[in-house]
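What follows is a single structure, written as structure tokens, with notes after it.
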Amino acid sequence: MSSNQMWGGRFAAGPSEIMQTINASLGVDRRMWREDLAGSRAHATMLRDQGILSADDAAAILDGLDAVADEFERDGPPTDIALEDIHMAVEARLAELIGPVAGRLHTARSRNDQVATDFKLWTRGACRQVASAIVSLQQVLVARAEEHAATIMPGFTHLQVAQPVTLGHHLLAYVEMLQRDVSRLFDADERAGECPLGAAALAGTGFHTDREATAQALGFSEPTANSLDSVSDRDFALDYLAAASQCALHLSRLAEELILWASPPFGFVKLSDQWSTGSSIMPQKRNPDAAELVRGHSGRILGLFTGLMITMKGLPLAYSKDMQDDKAPTFEAHDLLMLSLAALAGTVESATFVPEKMRAAAASGFSTATDLADWLVREADVPFREAHHITGRAVKAAEEAGCDLPDLPLERLQTIDGRIDDRVYDVLSVEASVGSRTSYGGTAPVRVREQVARWKERLA
């Protein structure tokens, strides 16, 4: 077996078939071909400007890289694992196109800083791509919230009916969660703003390079300040996966609620045919599979984050081959998250909510009990803790009578506490309860519409 063309004279024989298979990463990292070509262009330009490459050699290399880009754009990058990875694939094809001068491109860099640069460029792009997809989902949620700003539904704690809220208010809660996800992605992108290119293998280079120029050319704010850290760092991937995991968690919570609401015992929403499936033997079934898969994807994304954390936890400086396993989980998590965001946006946008079912559920379970307690505090000057006990007795009386609080006769309420008068019925309906919650951030329709307007302007 001939020696590996990339390793030169050190190896007398090429790798075994199994070694070639375990060592190759082209099947995974070929999706970074655009980033690799961008880094190579920036590096070649810098070498030329520093006088390390002649103008003629630099022109040949840059023209060759353009030709490689055209080929890969048209046909896709190669898949032959003998090329090992996307970096070697680009270099090999460049050599076929322009000859030995292609070998000058690797002056003053290593695959270690090349990989780190490509992967960081890709991850920064992923942060922005996910942030954009989140905004699209937020816009869908805001539109549905505006539509249902006054639609009454039960608010839950412990999955028990607690107080009436509006559907619009409920949907806007997810808009707030998702905005925190956007901020985490922006933070991850900003922290990834230092360029590793030029750190070489681990110790820097003896060539007189201009790392500020390559950083600027690639959209980084500055070069990394320590060559060892430059090639060892995968915090940027972990930052992205952490943000992706938390976003997936939020998507899973929304998916879970849609799954519950779509079940016949709830009946709060009907999911469209586009985002549901049927059963192979039960013709009546409409399964919320899109939402369930979003919920399932969240576990996979969290597992991928955990896996890379464990891979990195015991590695000494600087580069170790274990780090080749950094891209597969990051790419997979990204694909799952983008798919989840799109699926959930489609599910919510096409869903048909059932206001009458929601209102009926909101009116059950003595959901306006707190309003009775608040009325006693406001109108009868009763300390809240005492009002809480009075209300508890009223709820018990309603249970015994088999009715809800608004249907309990005044005479019965007055036997519980004589300070209650007929004005109390003004606050015991679910509409009155919701309408009274006008504090900032509250569920009153007037507040929901204010938040909708705020979000529409912000997301525009």
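The requirement of being touching a Leu at 6+ places or on another chain (Cβ under 7 Å), modelled with pLDDT of 95 or more and of a type in the set (S, T, N, Q) is fulfilled nowhere in region 304-322; no residue meets it. Only one of the listed residues (Leu344, Leu339) is in a helix (DSSP H, G or I), touching a residue at least 60 places away in the same chain (Cβ under 8 Å) and either out of contact with any Ser or Thr (no Cβ under 9 Å at 6 or more places or on another chain) or under 26 Å from Val142 (Cα atoms) (or both). That residue is Leu344. Among the candidates Asp417, Asp426, Asp422, the residue that is of a type in the set (Asp, Glu), more than 22 Å from Ala362 (Cα to Cα) and surrounded by fewer than 16 Cβ atoms within 10 Å (Cβ to Cβ) is uniquely Asp422.
On inspection, Glu212 does not qualify as closer than 24 Å to Ser245 by Cβ and either surrounded by fewer than 18 Cβ atoms within 10 Å (Cβ to Cβ) or of a type outside the set (A, V, I, L, M, F, W, C) (or both). Inside region 424-451, can you point out the residues that are of a type in the set (Gly, Ala, Ser) and either in a loop (DSSP other than H, G, I, E, B) or in contact (Cβ under 8 Å) with a residue 60 or more places away in the chain (or both)? If the condition is that a residue be of a type in the set (Gly, Ala, Ser) and either in a loop (DSSP other than H, G, I, E, B) or in contact (Cβ under 8 Å) with a residue 60 or more places away in the chain (or both), then Ser429, Ala432, Ser433, Ser436, Ser439, Gly441, Gly442, Ala444 are the ones that fit.
This table checks each residue for (1) modelled with pLDDT of 95 or more; (2) in a helix (DSSP H, G or I); (3) among the polar types (S, T, N, Q).
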position	(1), (2), (3)
Ala225	yes, no, no
Ala237	yes, yes, no
Tyr240	yes, yes, no
Arg253	yes, yes, no
Pro264	no, no, no
Ile281	no, no, no
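So, Val434, is that one of a type in the set (A, V, I, L, M), touching a Pro at 6+ places or on another chain (Cβ under 8 Å), open to solvent by less than 60 Å² (accessible area, probe 1.4 Å) and closer than 30 Å to Gln139 by Cα or not? Answer is yes for this residue.
Just wondering, is there one or more residues in region 326-348 that are more than 19 Å from Val130 (Cβ to Cβ) and surrounded by fewer than 19 Cβ atoms within 10 Å (Cβ to Cβ)?
First, the residues of region 326-348 that are more than 19 Å from Val130 (Cβ to Cβ): none.
No: region 326-348 contains no residue that is more than 19 Å from Val130 (Cβ to Cβ) and surrounded by fewer than 19 Cβ atoms within 10 Å (Cβ to Cβ).
Whether a residue is more than 28 Å from Arg180 (Cβ to Cβ) and either open to solvent by less than 60 Å² (accessible area, probe 1.4 Å) or of a type in the set (S, T, N, Q) (or both) was assessed, and Ser263 passes this test.
Quick one: would you say Glu146 is of a type outside the set (S, T, N, Q), open to solvent by 50 Å² or more (accessible area, probe 1.4 Å), touching a residue at least 24 places away in the same chain (Cβ under 8 Å) and out of contact with any Lys or Arg (no Cβ under 6 Å at 6 or more places or on another chain)? Yes, satisfied.
The values are calculated or read from the model by the stated rules, or taken from the named source; none is laboratory data. Bear in mind the structure is a predicted one, so any value in this text is a computation, not a measurement. Cβ atoms come from the backbone with ideal geometry, glycine included; neighbour counts cover every protein chain shown. These accessible areas exclude ligands, DNA and RNA; they are computed on the full protein's heavy atoms, side chains included. Shrake-Rupley method; radii C 1.70, N 1.55, O 1.52, S 1.80 Å.
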